[in-house]
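Each remark here refers to the structure printed beneath this line.
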Amino acid sequence: MRDTNVLASPADLAVVERLRAGDEATFMMLVEQHQTPMLRIARMYVSSRAVAEECVQEAWLGILQGLDRFEGRSSLRTWMYRIVANIAKTRGQREGRSVPFSALAGDDEHPPVDPAWFQGAGDGFPGGWRTFPDEWDGIPEERLVAHETLRHIGSAIDGLPHMQAAVIRLRDILGWTSEEVRNALDLSETNQRVLLHRARSRVRRELDAYLREGRDER
Amino acid sequence: MTCHEVVNLITDYLEDALSVDDRVRVEEHFSKCPGCSGYLDQMRATIRLTGMLSEEQIPEEPKRRLLEAFRTWTGD
């Protein structure tokens, strides 16, 4: 099996060095960069945002305490995110939240790709589109990137099961690689892709509904 | 490969996680099926637009507490 851990970069080691020397600006930069993703990670395992915030706070203390033991065998952020994930997992278990993948991933009761869009066994082309999806080509770019459109995407993501929301945020908003997400969230390659697929498909579906609404108004 | 199957393989396709055979079959399907290639374009647009969102800012209070924690830690 391939080792998926990325080693700490020279930049990571320099950051650790500055932290050990007590550089406050470096620490605050680290907080700025990682507080929000850490909150996303914690939120997957615990019941409320407030509890997630406590986990992150605890994780920062754990990170500081562990810094002297950081040996650079993974990237700094992978190491940091594992700390927050472990704290939140423990906390979630204490809260009595069981965290099997199937539960976190969101149910299939409302699949983001609706089977009803496709022809059934008795139709001419089983599995083929009943009607093609609307084209977005005719929609002006200004409308696509409008604040209102982006706001709809944001609320679609907020409405996703936590784990799907975490994956799509880390991948598509923060621009992480799949490997970084898998390491931080402790997911298999397949599960990471399943979550991403469900999340993106759901967001596309809600975006399509929003854009179509605008067309009918015309 | 049906349209329903292709649509559910789109993320695997975009993540370059398909076998060579499946990749060829999916690409052949896209080249012949306006419904699926249109859907693929929508998925790409969704990813692009999602990328334009920004994550929320951190409130000042937790930051202040963290700075205090850091000062305590360096003072140890």
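Observations
- Gyration tensor (alpha-carbon) shape descriptor, the protein assembly as shown, a/c threshold 1.5: prolate
- Site pair A:HIS110 and B:GLU15 shows an inter-label distance of 2.3 nm when each label is modelled 7 Å from Cα along Cα→Cβ.
- Average other protein chain Cβ within 10 Å of Cβ, residues A:18-30: 2
- B:MET1-A:ARG73 pseudo-label distance in nm [points 7 Å out on the Cα-to-Cβ vector]: 4.0 nm
- The length gained on full extension between A:LEU13 and A:ASP158, counted as 0.36 nm times the residue separation minus their Cα-Cα distance, comes to 48.7 nm.
- Relative contact order for chain A: 22 percent, from Cα pairs under 8 Å spaced at least 6 residues apart, divided by residue count.
- Estimated at 0.36 nm per residue, the fully extended path between A:HIS147 and A:ARG212 surpasses their Cα-Cα distance by 21.7 nm.
- The sum of -39500 (n - 2.57) across all DSSP H runs of n ≥ 4, divided by the residue count of chain A, sets its helix-only mean residue ellipticity at 222 nm to -19500 deg cm²/dmol.
- Global geometry of chain B, whether rounded, prolate or oblate, following the gyration tensor of its Cα atoms and the 1.5 cut on a/c: prolate
- Axial C-alpha extent at least 15 Å, average Kyte-Doolittle at least 1.6 - helices from chain B (DSSP): none
- Projecting the Cα atoms of A:SER155, A:ALA50, A:GLN93 onto the charge dipole of chain A (Cβ charges, centred on the Cα centre) puts A:GLN93 farthest toward the positive pole.
- Partnerless cysteines, meaning none of the other Cys C-beta atoms lie under 4.7 Å away, in chain B: B:CYS3
- Per-residue mean of foreign Cβ neighbours for A:203-211 is 3 (Cβ atoms of other chains, 10 Å radius).
- Segment A:13-54 residues near the modelled B:ARG71 label - backbone nitrogen below 13 Å, point 7 Å along Cα→Cβ: A:24-25
- Using R0 = 25 Å, the C-beta based FRET efficiency linking A:THR131 and B:ASP41 works out to 0.90.
- Segment A:63-192 has equivalent-ellipsoid semi-axes of 37, 21, 14 Å, by the square roots of 5 times the alpha carbon gyration tensor eigenvalues, sorted largest first.
Readers should treat all values here as calculations from the given coordinates under stated rules, not as data from a laboratory. Please read these numbers as outputs of a predicted model, since none were measured by experiment. Methodologically, a virtual Cβ is constructed for each residue, glycine included, from the backbone with ideal geometry; neighbour enumeration extends over all protein chains shown.
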